[in-house]
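J.: Below are the structure tokens for one structure; questions will follow.
The values are calculated or read from the model by the stated rules, or taken from the named source; none is laboratory data. Just so it is clear, the model here is predicted, and its values are computed rather than measured. Heads up, the Cβs are rebuilt from the backbone with ideal geometry, glycines too, and the neighbour counts pull from every protein chain shown.
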Amino acid sequence: MDKIDLEKLRKLNNQHVIKVVQEAIKLCKPAKVTVITDSKEDINYVRELALAIGEEKKLKMEGHTIHFDGYYDQARDKANTRYLLSEDVDWGIELNSIEKKKGLKEIYSYLDGSMAGKEMLVRFFSLGPTNSIFSILALQITDSAYVAHSEDLLYRPAYEEFKKLNGSSDFFFFLHSAGRLEKGVSVDIDKRRIYIDLEENRVYSVNNQYAGNSLGLKKLAFRLAIKKANEEGWLAEHMFIMGVHGPHNRVTYFTGAFPSGCGKTSTAMIPGQTIVGDDIAYLKKINGIVKAANVENGIFGIIRDVNPQDDPLIYRALTTPRELIFSNVLINDGIPYWLGMGKDIPEKGINHSGEWFKGKKDNDGNEIDCSHKNARYTIRLNALENIDSKANDPTGVPVQAIIYGGRDSDTTMPIVESLSWSHGVFIGATVESETTSATIGTQGVRKHNPMANLDFVSVPFKTYIENHLKFADGLKEVPKIYATNYFLKDESGNYLNSKLDKKVWVLWAEGRVHHEFEAIKTPVGLIPKYEDLKTLFIRVLNKDYTEAEYTQQFSLRVVKYLEKMERMSKIFENIQMPAAFTEELTTQTERLKETRIKFGEDIISPFEFLDIK
Ligand code: OXD
Ligand code: MN
């Protein structure tokens, strides 16, 4: 480290920072160490470095670059992401862990010398707006300029904030090395490891580049934050935050949790609404009001199917000059192409598999798409025209509704309002979703994914749910909770809704918050009345919504629901859950059974439920 960089570290007056940097240098043995402050010159240095070492390449359009991850490093590696635990804990649900000493020994052996001949970058960020009750400071060390550059688009720089720590060790720390590179990509994929030390608020990640594995501040920091939130009585959630614009210029803030690739970003981007964040939210109670802040400052979004019809605002942001990183799309003549972009795709170019041509097969004989299904774009949130005016408010935005979504082809209705806060927590905790390309493994398999957070929950499940149940205590206004499902299908496998319909569901929920619509009480929650949806469909989408469509979409598939309750009972029978949760599971199952007996049908029309609220 040269004098200038050392001085930048010293200026922080923080021994803990010096210590972790020193340890990282000793372990990873970089050829050079560069400390990045919040200055324009330093940040620009990272951008230029990514180009100079070939981790990113310039595209035709000003500010646009392309980065490729290795062919086998295209999604979050759940199997090799583990918690380092020094003692056994009963987690309740699936949790991938390794004995701490053993895990540290292993990952240190992979990190040892991993930066030989490379440059180590030391960066400082804030999770959440700076200077706010939401902010958590984070130190990232990496040998990947792509990682450091991506974090610059996605998080708020906070070198200056670190000075305000006054020497305390109250920050998260992430050490990443892409490991040995060939043609610019990590080659030792069999030694890819991501180990999370909850006791020390540290994460080690090695032999990978895909942002979901490499960027400490994204899903890795999120796991540390969930633990902190549970200890301190607030919520760290896999949620977007959006402003829903109702009648009379009213803005009602919603948060929403959806598993990756199930409509989270597209909900936050519904035309006519405003976005605060698309992936991770911190929720805190301030003077009896739930306030939420976006942990991030940008979007690492799935690019597949972003086209002028379905996502006009994102499409515009991706096709105009600005600082933006594409990853794992097809490049032909300096222009990016991706699946579902609504444009003709060239028959050759460069993609994550190297030189690509239509019909190219991989080593397993599978045809390689022009772009990966999980190919991404990385932009700052302010690249979007619909950014909410309060997106950076250090006091957050007030939350009046929470949505839980899943990808479910045959059971749950397009939108249901919970009967109470605890019923809402139950709904969130019993979300099931069919798997997508955002994680490695088979797609389309139904999996239980509570609060869309199964991959990230870092405390015993009972504690996690207890924290949710308690969160409503002392609130002046308890947010309403909704479950949505955009993926319901008919018997022939056709989707029952168009992509645009979600706007109606969200505006109905917004109206409910302000007592503008009545609802029908069913055993699984409150559903919209046909007349209200009919009016909304005309007003919002200029579409005639027929009674037949309503009946098909909002019928209670009681047998399917009972099967779901059975699956849930199985999952929870061996987990000691809070009494309020067990009570919800029991009473919802009873209500469904009674309804089944009363009507004697497998599927019950919404018109059969007259109990209007
Ligand atoms: C993401 C994910 O990238 O959840 O947001 O995979
Ligand atoms: Mn996510």
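J.: Output the residues belonging to the range 508-547 that are out of contact with any strand residue (DSSP E or B) (no Cβ under 7 Å at 6 or more places or on another chain), of a type outside the set (Phe, Trp, Tyr) and in a helix (DSSP H, G or I).
T.: Scanning the range 508-547 gives 531, 532, 533, 534, 535, 536, 538, 539, 540, 541, 547.
J.: A further question on this structure: Got a sec? Which of 550, 561 is out of contact with any Phe, Trp or Tyr (no Cβ under 6 Å at 6 or more places or on another chain), on the phi < 0 side of the Ramachandran plot, crowded, with 20+ Cβ neighbours inside 10 Å and in a helix (DSSP H, G or I)?
T.: Being out of contact with any Phe, Trp or Tyr (no Cβ under 6 Å at 6 or more places or on another chain), on the phi < 0 side of the Ramachandran plot, crowded, with 20+ Cβ neighbours inside 10 Å and in a helix (DSSP H, G or I) holds for just one of 550, 561, which is 561.
J.: Taking the conditions exactly as written (in a helix (DSSP H, G or I), buried (at least 21 other Cβ atoms within 10 Å of the Cβ) and either at positive phi or touching a helix residue (DSSP H, G or I) at 6+ places or on another chain (Cβ under 7 Å) (or both)), does residue 500 satisfy them or not? Even if it seems obvious, please write down each step before you answer.
T.: Numbers: in a helix (DSSP H, G or I): yes; buried (at least 21 other Cβ atoms within 10 Å of the Cβ): no; either at positive phi or touching a helix residue (DSSP H, G or I) at 6+ places or on another chain (Cβ under 7 Å) (or both): yes.
Judged against the criteria, residue 500 is not a match.
J.: Kindly indicate whether any position in the range 295-314 is among the small types (Gly, Ala, Ser) and either surrounded by fewer than 20 Cβ atoms within 10 Å (Cβ to Cβ) or assigned to a helix (DSSP H, G or I) (or both).
T.: Of the range 295-314, the ones among the small types (Gly, Ala, Ser) are 298, 301.
This time we only want the ones that are either surrounded by fewer than 20 Cβ atoms within 10 Å (Cβ to Cβ) or assigned to a helix (DSSP H, G or I) (or both), so: none.
No, there is no match, as no residue in the range 295-314 is among the small types (Gly, Ala, Ser) and either surrounded by fewer than 20 Cβ atoms within 10 Å (Cβ to Cβ) or assigned to a helix (DSSP H, G or I) (or both).
J.: Only one of these is crowded, with 20+ Cβ neighbours inside 10 Å and either touching a helix residue (DSSP H, G or I) at 6+ places or on another chain (Cβ under 7 Å) or within 18 Å of residue 75 (Cα to Cα) (or both): 330, 339. Name it. Walk me through how you get there before you give the answer.
T.: On the way: 339 fails: crowded, with 20+ Cβ neighbours inside 10 Å.
Selected residue: 330, the only one of 330, 339 that is crowded, with 20+ Cβ neighbours inside 10 Å and either touching a helix residue (DSSP H, G or I) at 6+ places or on another chain (Cβ under 7 Å) or within 18 Å of residue 75 (Cα to Cα) (or both).
Each row is one residue, and each column tells you yes or no for (1) more than 15 Å from ligand 2 (Cβ to nearest atom); (2) within 24 Å of residue 153 (Cβ to Cβ); (3) modelled with pLDDT under 95.
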site	(1), (2), (3)
203	yes, yes, no
208	yes, yes, no
219	no, yes, no
230	yes, no, no
234	yes, no, no
239	no, yes, no
252	yes, no, no
262	no, yes, yes
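J.: Here's something else I'd like to know. Would you be able to say whether some residue in the range 440-448 is within 23 Å of residue 506 (Cα to Cα), free of Cβ contacts under 8 Å to residues at least 40 places away in the same chain, surrounded by fewer than 19 Cβ atoms within 10 Å (Cβ to Cβ) and away from ligand 1 (no atom under 16 Å from the Cβ)? Walk me through it before giving the result.
T.: As a first pass, look at the range 440-448 and keep what is within 23 Å of residue 506 (Cα to Cα): none.
No - not one qualifying residue is present in the range 440-448.
J.: Follow-up question, since we're still on this one. In this structure, is residue 187 under 23 Å from residue 35 (Cα atoms), among the aliphatic types (A, V, I, L, M) and more than 16 Å from ligand 2 (Cβ to nearest atom)?
T.: Values: under 23 Å from residue 35 (Cα atoms): no; among the aliphatic types (A, V, I, L, M): yes; more than 16 Å from ligand 2 (Cβ to nearest atom): yes.
Judged against the criteria, residue 187 is not a match.
Conditions (1) in contact with a Ser or Thr (Cβ under 8 Å, 6 or more places away or on another chain); (2) surrounded by fewer than 18 Cβ atoms within 10 Å (Cβ to Cβ); (3) under 18 Å from residue 149 (Cα atoms); (4) among the aliphatic types (A, V, I, L, M), marked per residue:
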position	(1), (2), (3), (4)
21	no, no, no, yes
35	no, no, yes, yes
46	no, no, yes, yes
51	yes, yes, yes, yes
59	yes, no, yes, yes
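J.: Being hydrophobic (A, V, I, L, M, F, W, C), assigned to a helix (DSSP H, G or I), touching a helix residue (DSSP H, G or I) at 6+ places or on another chain (Cβ under 9 Å) and buried (at least 19 other Cβ atoms within 10 Å of the Cβ), is that true of even one residue in the range 111-129? Show your work before the answer.
T.: Keep residues of the range 111-129 that are hydrophobic (A, V, I, L, M, F, W, C), which gives 111, 115-116, 120-122, 124-125, 127.
Imposing the further condition that a residue be assigned to a helix (DSSP H, G or I) reduces the set to 111.
Imposing the further condition that a residue be touching a helix residue (DSSP H, G or I) at 6+ places or on another chain (Cβ under 9 Å) reduces the set to 111.
Next, from what is left, pick out any that are buried (at least 19 other Cβ atoms within 10 Å of the Cβ): 111.
The answer is yes; a qualifying residue exists.
J.: Is one or more of the residues making up the range 94-108 more than 16 Å from ligand 1 (Cβ to nearest atom) and either under 17 Å from residue 214 (Cα atoms) or aromatic (Phe, Trp, Tyr) (or both)?
T.: Checked the range 94-108: at least one residue is more than 16 Å from ligand 1 (Cβ to nearest atom) and either under 17 Å from residue 214 (Cα atoms) or aromatic (Phe, Trp, Tyr) (or both).
J.: Sticking with this structure for a sec: Condition first: among the acidic types (Asp, Glu) and not in a strand (DSSP E or B). Can you find one or more residues in the range 469-483 that meet it? Quick ask: steps written out before the conclusion?
T.: Our first condition is that a residue be among the acidic types (Asp, Glu); within the range 469-483, this holds for 473, 477.
If we keep only those that are not in a strand (DSSP E or B) as well, we get 473, 477.
Yes - at least one qualifying residue is present in the range 469-483.
J.: Also, I was wondering about something else. Does residue 412 fit the bill of being under 23 Å from residue 570 (Cβ atoms), part of a loop (DSSP other than H, G, I, E, B), out of contact with any Cys (no Cβ under 7 Å at 6 or more places or on another chain) and modelled with pLDDT under 95?
T.: Working: under 23 Å from residue 570 (Cβ atoms): yes; part of a loop (DSSP other than H, G, I, E, B): yes; out of contact with any Cys (no Cβ under 7 Å at 6 or more places or on another chain): yes; modelled with pLDDT under 95: no.
Against the criterion (under 23 Å from residue 570 (Cβ atoms), part of a loop (DSSP other than H, G, I, E, B), out of contact with any Cys (no Cβ under 7 Å at 6 or more places or on another chain) and modelled with pLDDT under 95), residue 412 does not qualify.
J.: Right, something else. Condition test on residue 492, is it polar (S, T, N, Q) and without any contact (Cβ under 8 Å) to a residue 60 or more places away in the chain? Walk me through it before giving the result.
T.: On the way: polar (S, T, N, Q): yes; without any contact (Cβ under 8 Å) to a residue 60 or more places away in the chain: yes.
Answer is yes for this residue.
J.: Further question: Here's a check for you: in the range 248-266, which residue that is more than 16 Å from ligand 1 (Cβ to nearest atom) and either free of Cβ contacts under 8 Å to residues at least 12 places away in the same chain or among the basic types (Lys, Arg) (or both) is surrounded by the most Cβ atoms within 10 Å (Cβ to Cβ)?
T.: Residues of the range 248-266 more than 16 Å from ligand 1 (Cβ to nearest atom): 248-254.
Those still in the list that are either free of Cβ contacts under 8 Å to residues at least 12 places away in the same chain or among the basic types (Lys, Arg) (or both) too: 248-250.
On the way: 248: 5, 249: 6, 250: 13.
If we take residues in the range 248-266 being more than 16 Å from ligand 1 (Cβ to nearest atom) and either free of Cβ contacts under 8 Å to residues at least 12 places away in the same chain or among the basic types (Lys, Arg) (or both), then 250 is surrounded by the most Cβ atoms within 10 Å (Cβ to Cβ).
J.: In the range 158-179, which residues are surrounded by fewer than 18 Cβ atoms within 10 Å (Cβ to Cβ) and in contact (Cβ under 8 Å) with a residue 40 or more places away in the chain?
T.: Step one: of the range 158-179, the residues surrounded by fewer than 18 Cβ atoms within 10 Å (Cβ to Cβ) are 160, 163-170.
The answer is 160, 163, 165, 166, 167, 168, 169.
J.: Hey, does the range 14-21 have a residue that's in a helix (DSSP H, G or I) and among the polar types (S, T, N, Q)? Outline the logic, then answer.
T.: Narrowing the range 14-21 to residues in a helix (DSSP H, G or I): 15-21.
Of the ones still in play, those that are also among the polar types (S, T, N, Q) are 15.
Yes.
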